[in-house]
Structures are given as structure tokens and as C-alpha cells.
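As C-alpha cells, the structure follows; a few thoughts come after it.
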Amino acid sequence: AAMVSDAFGVERQQLVANILIMVLGPVGMHVATNREASARARFASVSVLLGSLQGFAGATIYLLVVQLFSVKTRNTRMGFA
């Protein structure tokens, strides 16, 4: 998520992430709660689909760090950590 935010900005990345969650989230939840689907399909729905959506959305606090500091500053500080 940070790489996308560096390229396009945090606001645009969050907007796209929220649209994806709004469109694909109900599909994932429908498969996850469908009793007729196999256990593997339900598990894959939760772990892959919903997990990847959350991963793309990123934790907002980390994206605020992306917005505050440039790539060079973040990489320099990670070397000291």
C-alpha cells in the first residue's frame, strides 16, 4: 500500500481501496457465509479475497507516515532502526 501511496498519493489510494472493499467485500462475505460452499472455498474467500482487500487498504496510521515523510527520509530512518 505504501508503494501505491508514494506513486499516487494517500487520498487516491484510500479512495480506490474503499471502492474495492465496497464492491468486492460483500462478494467475499457472501461466499464466506454460504453454507452450501465447501470449507475450502469459504476459507479461501476470507483469507485471500478479504485479506488482500485489507492489505491493499493498509493501516491508515502507516499511510499517514507515508504522507508525512518522503521516501528518502523513511528509508534513511529505517536504517537507523
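The values are calculated or read from the model by the stated rules, or taken from the named source; none is laboratory data. Just so it is clear, the structure is predicted and the values come from calculations on it, not from any experiment. Ideal geometry is used to build each Cβ from the backbone, glycine not excepted, and the neighbour counts take in all protein chains shown. SASA here: full protein model, heavy atoms, side chains in, ligands and nucleic acids out. Shrake-Rupley method; radii C 1.70, N 1.55, O 1.52, S 1.80 Å.
Side notes on the structure shown:
- Using a probe radius of 1.4 angstrom, the carbon and sulfur fraction of the accessible surface of segment 2-41 is 67%.
- Charge context of Met29, other residues only, Cβ under 14 angstrom, K/R +1, D/E -1: +2
- Net charge, Ser70 excluded, C-beta distance under 14 Å - Lys, Arg +1, Asp, Glu -1: +2
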